[in-house]
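These notes concern the structure reproduced below.
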Amino acid sequence: MNTEVSDALTAATEGIKTRNAELKRLNQQDAELKSLIEKNINVNTQLFGILIEVNKVTKALTIEMQRLNDGKTGLQPLRKVIGKMTTTVQFTLNARQDVQNAHYEYQQAQIKNGQ
């Protein structure tokens with residue numbers, strides 16, 4: 001009888017250890033997913049800001065081009081808008097790299113988690 005109880009306790013202990021290891025693994029995956037979600041939110045926020053800037057620069061460029069066509073202005077205001085556009089393009093390229101990095105990390109997490 002003592003052997004049966006001992007065997008049952010050993011089996012239960014092993015089951016608990018296995019379950020604890022599984023919970024630890026799931027908690028690690030959860031932490032990784034939360035990190036990826038946070039990065040995704042940050043990248044999306046950055047992209048949204050860039051879209052707003054692109055819209056502003058496009059409107060400014062359209063206005064300055066029209067003013068130039070109408071003979072109401074020279075090239076200097078247009079150069080300023082083009083400078084802003086260059087900055088916006090650089091931000092866009094940086095954001096693109098962030099998107100690629102986030103996508104790579106997501107793929108690596110999927111591979112690591114066997115999905």
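The modelled label-to-label distance for the pair Ile16/Val54, using points 7 Å beyond Cα in the direction of Cβ, is 5.7 nm.
What do you get for the angle between helix 75-112 and the principal long axis of the chain? Use alpha-carbon atoms, 0 to 90 degrees, nearest ten. Taking the Cα atoms of the chain, the angle to 75-112 is about 10 degrees. The lysine pair tally for the chain, using Cα distances under 23 Å and a gap of 8 or more places or different chains, is 14. Taking N as the residue count of region 35-112, its C-alpha radius of gyration divided by 2.2 N^0.38 Å amounts to 1.54.
Since every read-out is calculated from the coordinates, none of them should be taken as a lab result. Predicted model, so just to flag it, every value in this text is computed and none were measured. Glycine gets a Cβ as well: all are built from the backbone with ideal geometry, and neighbour counts include every protein chain shown.
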